[in-house]
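Report on the following structure.
The values are calculated or read from the model by the stated rules, or taken from the named source; none is laboratory data. Keep in mind it's a predicted model, so treat the numbers as computed, not measured. Here the Cβ positions follow ideal geometry from the backbone for every residue, glycine too, while neighbour counts run over all protein chains shown. Just so you know, the surface numbers come from the protein's heavy atoms only, side chains and all, with ligands and any DNA or RNA stripped out. Shrake-Rupley method; radii C 1.70, N 1.55, O 1.52, S 1.80 Å.
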Amino acid sequence: MEKRGRGVKSSPIQTPNQSSQQAPVTPRKERRPSMFEKEAYAQILRERLRESIHDVQYVEPPFDDSVADIGKEWKSALAKLKFANSYRMEPLKKFQAHSVETKIQQILTESLKDVKYDDKVFSHLSLELADRILLAVKEFGYHRYKFIIKVLFIQKTGQAINIASSWIWDIAWDSWVAAKHEAESYIALVLVFALYYE
């Protein structure tokens, strides 16, 4: 009778009379490292990163100096990754309406210093102002905020005007700013809406 152990292949007993032809022995596959072994975890990550192709949309800066010291490998590895949503529910830096308002007011006074009302000129000027204001607001470094900018030029002809906007937003993180420049023949109004994008 043959004894069979776990994981041991049993072969029939050969007698000296039988030919000694055996099947070729195949080499064992090398065992893959477990992700729970400390040394193997970094190796598994490197292999997975090598096999995958990713695009980067945004990489957050490291918060401690210890993470920043990892070096060029860390930066090059992150540059090829596309991260999943971090589920960050609040911004790193909250939108500061007052500082943005002063910057917009400064841009308006510089741009519209000696400009007279002309509807043909204002159609192009409103686009240029919106682009310039958007660049200035982005320089503040509010990450994950989306900005909507409205530039309105209203001719003064003795009329009354009411401008209203309604939004569904998070009152804790979303905000808006209004800036106005008044001349003899027109009023320029700029509205900047800052919406936090989770």
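Table for the structure above
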| quantity | calculated |
| --- | --- |
| 1.4 Å probe accessible area per residue over the stretch 135-198, in Å² | 63 |
| Above-threshold pairs, the threshold being 26 Å between Cα atoms, out of LYS94/LYS120; LYS120/LYS180; LYS113/LYS150; LYS116/LYS150; LYS120/LYS156 | LYS94/LYS120 |
| HIS143 paired with GLN106, simple spin-label distance in nm, labels 7 Å along Cα-to-beta-carbon | 2.5 |
| Chymotrypsin sites (Phe, Trp or Tyr not before Pro) within the stretch 133-165: DSSP coil, no more than 15 neighbouring Cβ in 10 Å | PHE140 |
